[in-house]
Ligand code: SF4
Ligand code: SF4
């Protein structure tokens, strides 16, 4: 029988379907202004025994009349489970998503030890990068590659999306190479992230998940700042944004196993 | 709420009636959502519901009646101000700490933006003419605790009759001496204001009244140590909040009756939550009415609060004044000593607080501690690190939540609280 993990984030929704411990299907789409409809759409044709929802909008599933039981877990737990499943050796997880950054330490078995989240504003999250990319008029998915073209990043002090824009435009006016400014913006996030990781006690290997882990520049900078090596002490899954939904599906599996 | 009949009274206090109506509306709605929706509340809670529904009504009427009889109303912001002296001079003392966002914009014209919500709230309530307690006071007593309050009182003092007690910042013998002198200076001020004298007999009686109120709250806290706990944390917080403005004798009587009911419930093995509900303790800054945000979030996430290590909680009730003093002098010494035990984060060092937190966590059999800090509160934010370390060494999981009175971070807080519960389950 099949179980589902649904990760309802502020920017996107991911669905992972598992059967007998194997992932059988993955789907994703933007959250849109009508997330309930979008979830319904993403779940079309999926017959499950049990689902677990996670993410910012996890309680939305209560509004759906799905034909199977649904429970919720926080994205902290989901990312812990998902990341641990992908890289059982990992001890710390960093998730940079659309509006949240989270750092968590993993106990043996994938349980979460300590965790930290950014506070209410979007400073240092995917939103920050998205906003910055707009200043450069570069599609967000290309922004990381663009920043890799920089070699001498200026120090960007502000982590506030609005002030960072001011800083970036004034740097442009001073004639600083745009690629360097882009690199500087990435570096600002990486630095801040390291602080957060230190607060949960960074133990290696580190696993980097969430949509922003697609960004090659962020991966490089994170490795640099945490003195790790990609694929040795820093793991990035191929589909980093699916790890929350994967964790939720794994939890659904566990619930089913416990009750049968 | 029997609003209409009170309008004339509110008008006489120069409240901004329409803004005040708005505040009562919000308060009523909050109370409905957060309190009346609870399952399995005891009959004794009706006292709380009644007192809260009459918070700006009947109780204010009583205060004004007391005033008409020549009694003075004393407002305070801190548990350092000895209520015993006010009672010994036949005054009524009320706590003025405020827990609502109303008046915030107005407050920011007098205090910096990076001031904690509690301070902004009492300043805002004054400027926006929202609080009938503040407006009823003959004297408002401030104290030199944190910098935010100290400086805010300077501004506040231009709007209201203000008196400042100097609270020392250490617990050395010199500090104790200063404090004793401050107690005497305050007593002299109250005496000249009331035209009465504190006598040994009156002070003994007042000490007994305030001690009895502390005793009943201690009794309540002991009952909560039972697993499953017989009462929700929200209700106990409310009881603590009400203890700051209701008549002490009436309060003590009502809460003793409630404790009797709780004992019966415990005998039957009944809890307000299932046996295996995670038990959390709150620790840190005070939560004033109607700041029920965090307790509500915690208790709707499947946990129950069994302790409040704060000034609207055990910091106010843990220590009694020694009642063995015979002469006025002995009693005043006992009074000064008792207040010097308060483990407020404004003191340095403040290691007693760590001890107290650790023993509370053990006695109440908590599964975790949530440290609550108001944004921009330096003293408690600093101690957060130490407390966390101490609890970790003690084997008790803890988390720090920093927030204020606004509702915009509710979802964030929920996620954090739920995630914390996931880690301790
Ligand atoms: S926390 Fe300190 S300053 Fe605030 S009420 Fe308590 S004792 Fe007074
Ligand atoms: S909460 Fe902190 S900053 Fe605010 S009044 Fe109390 S001690 Fe001062």
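The values are calculated or read from the model by the stated rules, or taken from the named source; none is laboratory data. If you're wondering where the values come from, they're calculated on a predicted model, not measured in any experiment. Neighbour counts run over all protein chains shown; Cβ positions are idealised from the backbone, glycine included.
Mind checking which residues of the stretch B:152-161 are within 16 Å of ligand 1 (Cβ to nearest atom) and either in contact with a helix residue (DSSP H, G or I) (Cβ under 9 Å, 6 or more places away or on another chain) or part of a loop (DSSP other than H, G, I, E, B) (or both)?
Listed by number, the residues that qualify are B:152, B:156.
Just name the residue that is surrounded by the fewest Cβ atoms within 10 Å (Cβ to Cβ) out of those in the stretch A:37-59 that are without any contact (Cβ under 8 Å) to a residue 12 or more places away in the chain and not in a helix (DSSP H, G or I).
Once the filter is applied, the top-ranked residue is A:45.
Which members of the stretch B:281-299 meet the condition of being away from ligand 1 (no atom under 16 Å from the Cβ) and at pLDDT below 95?
B:290
Considering B:227, B:289, which residue is in a loop (DSSP other than H, G, I, E, B) and out of contact with any helix residue (DSSP H, G or I) (no Cβ under 7 Å at 6 or more places or on another chain)?
Unique residue meeting the criteria: B:227.
Go through (1) closer than 30 Å to residue B:401 by Cβ; (2) buried (at least 16 other Cβ atoms within 10 Å of the Cβ) and name the single condition residue A:135 misses.
Every listed condition holds for residue A:135 apart from (1).
Can you name every residue in the stretch A:146-168 that is in a helix (DSSP H, G or I) and in contact with a helix residue (DSSP H, G or I) (Cβ under 7 Å, 6 or more places away or on another chain)?
Residues satisfying the conditions are A:146, A:147, A:161, A:164, A:165, A:168.
Results for (1) within 16 Å of the chain's Cα centre (by Cα); (2) farther than 21 Å from residue A:125 by Cβ, shown as yes or no for each residue.
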site: A:56; (1), (2): yes, no
site: A:67; (1), (2): no, yes
site: A:77; (1), (2): yes, no
site: A:86; (1), (2): yes, yes
site: A:104; (1), (2): yes, no
site: A:113; (1), (2): no, yes
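Among the residues of the stretch B:179-188, are any out of contact with any helix residue (DSSP H, G or I) (no Cβ under 7 Å at 6 or more places or on another chain), in a helix (DSSP H, G or I), over 19 Å from residue B:98 (Cα atoms) and within 16 Å of ligand 1 (Cβ to nearest atom)?
Looking through the stretch B:179-188, at least one residue is out of contact with any helix residue (DSSP H, G or I) (no Cβ under 7 Å at 6 or more places or on another chain), in a helix (DSSP H, G or I), over 19 Å from residue B:98 (Cα atoms) and within 16 Å of ligand 1 (Cβ to nearest atom).
To keep it simple, each residue is scored yes or no on (1) within 24 Å of residue B:241 (Cα to Cα); (2) away from ligand 1 (no atom under 16 Å from the Cβ); (3) within 14 Å of chain A (Cβ to nearest Cβ).
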site: B:309; (1), (2), (3): yes, no, no
site: B:314; (1), (2), (3): yes, no, no
site: B:328; (1), (2), (3): no, yes, no
site: B:334; (1), (2), (3): no, yes, no
site: B:341; (1), (2), (3): yes, no, no
site: B:345; (1), (2), (3): yes, no, no
site: B:359; (1), (2), (3): yes, yes, no
site: B:364; (1), (2), (3): yes, yes, no
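From B:342, B:357, which residue is closer than 22 Å to residue B:97 by Cβ, more than 16 Å from ligand 2 (Cβ to nearest atom) and modelled with pLDDT of 95 or more?
B:357
Based on what the data block shows, is residue B:44 without any contact (Cβ under 8 Å) to a residue 24 or more places away in the chain and on the phi < 0 side of the Ramachandran plot?
no
Taking into account only those residues within the stretch B:135-151 that are part of a helix (DSSP H, G or I) and under 15 Å from residue B:81 (Cβ atoms), which is farthest from ligand 2 (Cβ to nearest atom)?
B:150
Please go through the stretch B:117-131 and pick out each residue that is in contact with a helix residue (DSSP H, G or I) (Cβ under 6 Å, 6 or more places away or on another chain) and within 16 Å of ligand 1 (Cβ to nearest atom).
B:119, B:120, B:123 - these are the residues of the stretch B:117-131 that are in contact with a helix residue (DSSP H, G or I) (Cβ under 6 Å, 6 or more places away or on another chain) and within 16 Å of ligand 1 (Cβ to nearest atom).
Let me spell it out: the conditions are (1) farther than 24 Å from residue A:95 by Cα; (2) at pLDDT 90 or above, and residue A:38 meets all of them except one. Which number is the exception?
Residue A:38 satisfies every listed condition except (1).
Since residue B:198 meets every condition but one in (1) part of a helix (DSSP H, G or I); (2) in contact (Cβ under 8 Å) with a residue 24 or more places away in the chain, which condition does it not meet?
Just one mismatch for residue B:198, condition (1).
Which number in (1) more than 12 Å from ligand 2 (Cβ to nearest atom); (2) under 19 Å from residue B:402 (Cβ atoms) marks the one condition that residue B:119 misses?
Going through the list (1) more than 12 Å from ligand 2 (Cβ to nearest atom); (2) under 19 Å from residue B:402 (Cβ atoms), residue B:119 breaks only (1).
Listed residues B:99, B:103; which is surrounded by 22 or more Cβ atoms within 10 Å (Cβ to Cβ), under 27 Å from residue B:293 (Cα atoms) and at pLDDT below 95?
Criteria check complete, one pass: B:103.
Do you know which of the residues in the stretch B:386-403 that are surrounded by fewer than 22 Cβ atoms within 10 Å (Cβ to Cβ) and closer than 25 Å to residue B:120 by Cα is nearest to the other protein chains (Cβ to nearest Cβ)?
Ranking the qualifying residues of the stretch B:386-403, first place goes to B:402.
Quick check on the stretch B:270-277. Is at least one of its residues more than 14 Å from chain A (Cβ to nearest Cβ), surrounded by fewer than 23 Cβ atoms within 10 Å (Cβ to Cβ) and within 16 Å of ligand 1 (Cβ to nearest atom)?
No, the stretch B:270-277 has no match at all.
Looking at residue A:97 and the list (1) over 24 Å from residue A:257 (Cα atoms); (2) under 16 Å from the mean Cα position of the chain (by Cα); (3) at pLDDT 95 or above, which single condition is not satisfied?
Single failed check for residue A:97: (3).
For the stretch B:369-385: of the residues being under 18 Å from residue B:355 (Cα atoms) and surrounded by fewer than 17 Cβ atoms within 10 Å (Cβ to Cβ), which is farthest from ligand 1 (Cβ to nearest atom)?
B:385
Confirm whether residue A:220 is outside any loop (DSSP other than H, G, I, E, B) and without any contact (Cβ under 8 Å) to a residue 12 or more places away in the chain.
So residue A:220 does not fit the description; no.
Provide a single number: the residues in the stretch A:223-237 that are in a helix (DSSP H, G or I) and touching a strand residue (DSSP E or B) at 6+ places or on another chain (Cβ under 7 Å).
Matching residues across the stretch A:223-237 total 2.
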